[in-house]
Amino acid sequence: MGRRTSSLDANRLQAIGRPLLAWYSRAKRDLPWRRSRDPYAVWVSEIMLQQTQVERVRDSFVRFMAAFPDVHTLANATEDEVLRLWEGLGYYRRARQLHAAAKQIVVRHAGLFPRSVDGLLELPGIGRYTAGAIASIAMNISAPILEANSRRVLARLAAHAAPPDAGGADAALWTLAAAIVPRRHPGRFNQALMDLGAMVCTPRQPRCTACPLAACCAAHQQGREAEIPGRPRRRATESIRESAIVARIGDRVLVLRRGPGEWWEGLWDFPRLSAVGRGLSPAIERSPLLGPLRCGPPQRLGSLTHSVTHHRIAVAVVGCEAVRRGRRAAGLAWVPLAKIGRLAMTSPGRRIAKLAAEWLPE
Ligand code: SF4
């Protein structure tokens, strides 16, 4: 094993461009957004790919581009339409910011993307990584990127062991990324780094024997691939139990739109209460959200679990026949269950709707 050193020396890594691009020409992934260098398509795909895996993004990207083929159609859509098309991708804040940025591009930039990293950074939801990706891939600007895959590759090439959440760890890697991104083919270079991280330099068991950069990889030379990059500290999971209420009158069920600052802001869901079991009936009667909703005895329809950030949520799904509609309020609606598919809904909400459909007669 070699010396345990970090080597953030960019000069040493200038040589990676040629073998990396040659490998990329042979091995690159065939992804739907790679068939265009339109900044709009690159932008939509990059926002979708933040925190969502490639395989889940493929179909959503194709559907989204069919509905909103350019920045004007996206800017003119309603937020509900955008959120509906975002279903399955999670982290809906991205969709709202995408929508806001589209409006800004149309109103302030006559529908054209700013042609610099600084200009792109002024748009909602576009951070340093996304700006670098759009600039390099769609505009051929020599701008660096750093996301999970390329970060891992660079950290290993430089034997930079600090975990991503260590202070200053990413600043050093951004500096390295900026120093090595070439003037020619910066977009291909950046995409190649990402593909190498996804396909060869994987988090566990990187395939160093198949890697085009093995000859200049400090982690490989030091035998430290497995320990670099260091793992971020995991936040403890918090367990929550709650009940989701499917209140019905005839063929209609009560749904609510999640408010500002809540998880899934802007999406529809079934009302939830923290009470479970015997405490549920009085909790429904007392709920400031629902009250005075008069219901028959609650009936268990099923259960599900889902996660939000570091919370693990166990949901008891309960049906009740309402005899009175309760209070009218913005964000509450009685919707025919058969039409609930038209609403932009949380993914647990969709699962609850399925249980409701099994409960309600045709
Ligand atoms: S040699 Fe191994 S650790 Fe280094 S970049 Fe290639 S796959 Fe990653």
Here is a list: T346, T309. Which entry is surrounded by 12 or more Cβ atoms within 10 Å (Cβ to Cβ), within 30 Å of R234 (Cβ to Cβ) and of a type outside the set (K, R)? T346
Taking the range 62-104 and keeping residues of a type in the set (F, W, Y) and within 24 Å of W263 (Cβ to Cβ) leaves F64, W86, Y91, Y92
Pick out the one residue from V82, V62, V71, V57 that is in contact with a Ser or Thr (Cβ under 9 Å, 6 or more places away or on another chain) and modelled with pLDDT of 95 or more. V57
Do we have R188 as more than 30 Å from T309 (Cα to Cα), in a strand (DSSP E or B) and either hydrophobic (A, V, I, L, M, F, W, C) or more than 11 Å from the ligand (Cβ to nearest atom) (or both) here? no
Among the residues that make up the range 106-114, is at least one of them in the same structural domain as P182 (by TED's automatic domain parsing), more than 16 Å from the ligand (Cβ to nearest atom), farther than 30 Å from R257 by Cα and in contact (Cβ under 8 Å) with a residue 12 or more places away in the chain? yes
Determine which single condition P271 fails, assuming it passes every other condition in (1) more than 30 Å from V315 (Cβ to Cβ); (2) away from the ligand (no atom under 16 Å from the Cβ); (3) in contact (Cβ under 8 Å) with a residue 24 or more places away in the chain; (4) surrounded by fewer than 21 Cβ atoms within 10 Å (Cβ to Cβ). (1)
E242 is checked against (1) modelled with pLDDT of 95 or more; (2) more than 16 Å from the ligand (Cβ to nearest atom) and fails just one. What number does that condition carry? (1)
Report yes if some residue within the range 168-184 is assigned to a helix (DSSP H, G or I), within 10 Å of the ligand (Cβ to nearest atom) and under 19 Å from R12 (Cα atoms); otherwise report no. no
Log entry, pairs with first residue in the range 209-223 being in the same structural domain as L196 (by TED's automatic domain parsing), second being more than 8 Å from the ligand (Cβ to nearest atom) and aromatic (F, W, Y), beta carbons closer than 6 Å, six or more apart or on different chains, reads P212/W23
Is there a residue being surrounded by fewer than 18 Cβ atoms within 10 Å (Cβ to Cβ), without any contact (Cβ under 8 Å) to a residue 40 or more places away in the chain, closer than 27 Å to I340 by Cβ and in the same structural domain as Q191 (by TED's automatic domain parsing) anywhere in the range 33-52? yes
Within the range 191-218, can you find the residues that are assigned to a helix (DSSP H, G or I) and either more than 25 Å from the chain's Cα centre (by Cα) or away from the ligand (no atom under 11 Å from the Cβ) (or both)? Q191, A192, M194, D195, A198, C208, T209, A210, A214, A215, C216, A218
Note on the range 219-228: residues assigned to a loop (DSSP other than H, G, I, E, B) and near the ligand (Cβ under 8 Å from one of its atoms) are I228
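Residues that are within 30 Å of the chain's Cα centre (by Cα) and free of Cβ contacts under 8 Å to residues at least 40 places away in the same chain, at least 2 per element: which strands (runs of 3 or more DSSP E) completely within the range 298-357 meet that? First the steps, then the outcome.
Working: elements: 299-308, 311-324, 332-336.
It comes to 299-308.
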R231 is checked against (1) surrounded by 13 or more Cβ atoms within 10 Å (Cβ to Cβ); (2) within 16 Å of the ligand (Cβ to nearest atom) and fails just one. What number does that condition carry? (1)
Listed by range, helices (runs of 4 or more DSSP H) wholly within the range 116-164 having at least 3 residues that are within 16 Å of the ligand (Cβ to nearest atom) and in the same structural domain as G197 (by TED's automatic domain parsing) are 148-157
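The values are calculated or read from the model by the stated rules, or taken from the named source; none is laboratory data. Note that the structure is a prediction, hence the values are computed from the model and not measured. Heads up, the Cβs are rebuilt from the backbone with ideal geometry, glycines too, and the neighbour counts pull from every protein chain shown.
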